[in-house]
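Just so it is clear, none of the values below were taken in a lab; they were calculated from the coordinates. As the structure is a computational prediction, the values presented were derived from the model and not from experiment. Here the Cβ positions follow ideal geometry from the backbone for every residue, glycine too, while neighbour counts run over all protein chains shown.
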Amino acid sequence: MLTLNELTIAIEIGIIYGILALGIYLTFRTINFPDLTCDGSFVTGAAVSSVIIKSGLNPMVGLFFAMLTGGTAGLLTGLINIRLKVEDLLSGIIVAFILYSINLRIMGTNPNISLVNETTIFCCGNPILICAVIVALILFFIAYLLSSDFGLGLRTIGQNKKFASANGVNVNVMTIFGLVISNALIAICGAIFTQYQGFCDVSQGTGCLVIGLASVIIGEKLISKIKFARDMEIVSRNFCEIFLALFACVIGSIAYRIFITIAINSDIFGLKTQDLNLITGLLIIFIMSGKQKC
């Protein structure tokens, strides 16, 4: 049976992976770019953060440099796609493929790094509270960014690139910015998750895209059932709508983790940890099929 401790862990991981879902949302929903760099940039953030912590520096410094390196990975994907005219899907695959070797270099050719007995951001407080504060700050920042004139340009290229270009939006530059911000968030997620679990592994980014997409889809389904008040006066309507869409990603991530935890720990289904990919796949199929009927 599912225990309170297991449920708490599921919520903690769900909040952390909510940052991953936000990054996926920016590329797949906002700028309409199917970016597959995430599997690599997630580990890059984790590796950079781990190496910095092992060197004795503040774990917050690790998060900062994880953000920079993740953003650089997104920049590389954008340049390959725009300057070298490589297809969007293929450019992300190429960068993720390259990052595997780069991540091993960062980790000193070791496939994993232990952070046991090292100082992390979770050493001085409740993990749920720490994660919630970080995610809240990111939510408000991204919502503010997307509700600005700059964010309007990002959202416009996702809807119609020709229309955006005709109205003076530099589609190429905006695409690169979107990829940079997205992969910076994904790298931060990798860094936080590594500090949470106490080790970094070069293969821990596998399946990040599927997890992120599942969280976004589940969140959209859940939030769509809520009647949203459009006449709120404390902030602009535009900001509220964007914030709600982003918040849905975090809610979807938490719901996804809780569902997976319940499925694995339920004696009724007879499922084991090795069935995680099976459960995830079936969950996505169920959610997507339901979405098509709506």
Gaussian network model of the chain, Cα springs within a sub-10 Å range: biggest mean-square fluctuation belongs to which of Gly125, Gly70, Gly178? Gly125
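Calculate for the chain the 222 nm mean residue ellipticity that helices alone would give, adding -39,500 (n - 2.57) per DSSP H run of length 4 or more and normalising by residue count, nearest 500 deg cm²/dmol. Don't skip to the end; give the middle numbers.
Numbers: 11 runs with 210 residues, N = 294.
Calculated at 222 nm, the ellipticity per residue is -24500 deg cm²/dmol.
For a footprinting-style exposure proxy, rank Lys54, Lys85 by other Cβ within 10 Å, fewest first.
On the way: Lys54 16, Lys85 8.
Taking fewest neighbouring Cβ atoms as first place, the list is Lys85, Lys54.
Between Asn117 and Asn172, how high is the FRET efficiency from 1/(1 + (r/R0)^6) when r is the Cβ-Cβ distance and R₀ = 41 Å? Nearest 0.05. Could the numbers behind the result be given before it?
Values: r = 47 Å, r/R0 = 1.14.
Calculated value: 0.30.
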What's the percent breakdown of Cα-Cα distances in the range 1-55 across 10 Å bins, shortest bin first? 20, 33, 32, 15, 0
GNM on the chain, Cα springs under 10 Å; top mean-square fluctuation among Ala46, Ala187, Ala263 goes to Ala263
Taking the chain, how many lysine pairs are there with alpha carbons less than 25 Å apart, if each pair must be eight or more places apart or span two chains? 8
Mean Cα-pair separation over length for the chain, i.e. relative contact order, pairs under 8 Å, 6 or more apart, %: 35
Using modelled backbone amide H atoms (1.01 Å from N, in-plane), which distant-in-sequence or interchain residues come within less than 5 Å of Ser148's amide H? none
Select from Ser55, Ser114, Ser215 the residue whose mean-square fluctuation is largest in a Gaussian network model of the chain (Cα-Cα springs shorter than 10 Å). Ser55
For the range 1-102, what are the per-bin percents of Cα-Cα distances with bins 5 Å wide, up to the bin holding the maximum? 2, 12, 18, 19, 17, 13, 9, 6, 2, 1, 0
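Rank-order 162-168, 37-43 by packing density, defined as the average count of other C-beta atoms within 10 Å over each peptide's residues, highest first. Could the numbers behind the result be given before it?
On the way: 162-168: 11.7, 37-43: 31.7.
Output ranking for 162-168, 37-43: 37-43, 162-168.
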Total charge dipole magnitude, the chain, about the Cα centre, Cβ charges on Lys, Arg, Asp, Glu only, Debye to nearest 20: 660
Note, ³J(HN,Hα) from phi for the range 21-33, Karplus 6.51, -1.76, 1.60, rounded to Hz, x at Gly and Pro: 4, 5, x, 5, 4, 4, 7, 6, 9, 6, 9, 6, 10
Inter-label distance, nm, simple model (7 Å from Cα along the C-beta direction), Ile9/Asn160: 5.0
Can you compute the radius of gyration and Dmax for the chain, using only the Cα atoms, both in Å? 18.9, 58
